[in-house]
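Below is one structure, written out as C-alpha cells; comments come after it.
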Ligand SMILES: Cc1ncc(COP(=O)(O)O)c(C=O)c1O
C-alpha cells in the first residue's frame, strides 16, 4: 500500500482554489444510531472560547473536544466500532449492520481483530474486541511509548512491537492476516485492494460532524481545522461539508506535523506523494507517511488548504487549550497551531476566506496524556 513513488521535500502550506464548489457523493450514514447504543455514549462537547477568538481576530472559536469519546482519549472509536459492526455483520450473513452493540454481540463470529496503529486506533480496535468478547492483535511502530502499549494490552489485546515506521507496520499487520480466515483486518487507511473497511471507518467518523451540526444549530461556521494523518478524518469532514446542499459550507484546513506532511505535499503536487516519517513527533497520531487512497480524490478536489506545524507550535497550542479548560493532547493542539499559523499570514487568511466575523471550529482529536 505504501509503495508509491515521488517523495517530496516539505512544503509548509498548500491550497486549492475552488474546493468549496466541489460536491461529495454522500449517502447519509446510519452509524449514529449504533454509536448511541454504546456504553457511555454522549455527544462530545463543542466549547466556545472567546479568548481564542480575540487572539485570532475572528468572531468565534469553537473546539470539538474529543478527549473523552466513549471512555477513550480520542475520536477513533467512532470509526473502529462502526467498521467492526459492518464487517462482522456482513461476515455473519446479515444484509444490514446491527442497530445496537447488544445485537452485534449476538452476531459476532469467532474472529481476531487485527490492526496497525500509532496508538489511538489500536486502543479503539482493542476496546471494541473487548466489548464483543473477541481476540485482537495490534501492531505498533518503533518508539511506541509504554503507556500506549499498556493501554492496548489492558484491553486484552496482543501487542506486536515491530520496530518499523508506521507505513511499514500497516503492511506488517495486513500481511499477517494472509491465509488466516479468522483474522479480520480493521485498518483506518485504504490502499488498492483494501478499501471497504476504511470506507466504513470514515462513515463512522461522520457522527462527530453530525454532532457539530446539532451543536451549532443555525449559526454559520466558516472554517474547520482537522488534524491529519492518513486523511480519513479529513475525508469524513469533506464528505460532510461538501455534501449536496450542505449548510454550512466552511473552508476545510488540514493540519499536519512538519515531519509527516503527506497531505500538504500531495495537495501541492496534485498527486499522492509520500512523506518520510522516520523523525519522531509529539503529534504521534499524525505521524503517517501516505494518504489513504479513498481519501485522496476528496482531498484533491474538496480541500481548501493544508498547513504544517512544528512540535513546538503544537505543544504551545495544546498548553493554551489546556489553560482554557480543554484537555487537548498534541494532535488536538495541532488544529489551533495550524489556525494560528494560517491566519497569521494575510495571504493564507484571504485564501481561506476568513474575516473578523468568521466562526472557526477546531477539531481537538485527542486528550492530554
Ligand atoms: C488523535 C488523532 N488525531 C488525528 C488523527 C488523524 O486521523 P487520520 O489518520 O484519519 O488523518 C489520528 C489518527 O490516528 C489521531 O490518533
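Coordinate-derived values only; no laboratory data. Keep in mind that this is a model prediction, so the values were computed, not measured. For neighbour counting, all protein chains shown are included, and Cβ atoms are generated from backbone atoms with ideal geometry for every residue, glycine included.
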Fluctuation leader among 133, 206, 122 - the chain, Gaussian network, Cα springs under 10 angstrom: 133
Degrees separating the helix 120-132 axis from the principal Cα axis of the chain, which is the longest one: 40
Bins of 20 Å, starting at 0 and running to the largest distance - Cα pair percent for the chain: 32, 60, 7
DSSP beta bridges in the stretch 102-261 [antiparallel fraction, %, rounded to 5]: 5
Sequence-separation-based contact order of the stretch 214-369, relative, with Cα cut under 8 Å and 6+ spacing, percent: 29
0 to 90° range, to nearest 10: angle between helix 77-91 axis and the chain longest Cα axis: 40
Contour minus Cα-Cα distance for residue 99 and residue 356 (0.36 nm per residue): 88.1 nm
The stretch 122-248, relative contact order in percent, only Cα pairs under 8 angstrom and at least six apart counted: 17
Rg to Rh quotient for the stretch 153-305, alpha carbon positions, Kirkwood Rh: 0.99
In range of the label at residue 324: residues from the stretch 214-254 whose backbone nitrogen is under 13 Å from the point 7 Å along Cα→Cβ: 225
Gaussian network model of the chain, springs between alpha carbon atoms under 10 Å - residue of 45, 250, 227 with greatest fluctuation: 45
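What is the fewest-to-most order of 281, 102, 117, 189 by other Cβ atoms lying within 10 Å of their Cβ?
Taking fewest neighbouring Cβ atoms as first place, the list is 102, 281, 189, 117.
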Cβ-based exposure ranking for 183, 65, 188, in which fewest neighbours within 10 Å come first: 183, 65, 188
Antiparallel content of DSSP bridges confined to the chain, in %, to 5: 25
Likely footprinting exposure, 240, 348, fewest C-beta neighbours within 10 Å first: 348, 240
Euclidean distance between Cα centres, the stretch 311-369 to the stretch 222-289, Å: 14
Between 0 and 90°, nearest 10: helix 196-216 axis offset from the chain longest Cα axis: 50
Whole-number percent relative contact order across the chain, with pairs defined as alpha carbons under 8 Å at least 6 apart: 25
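Compute the length gained on full extension between residue 180 and residue 42: take 0.36 nm times their separation in residues and subtract their Cα-Cα distance, giving the result in nm to one decimal.
46.0 nm
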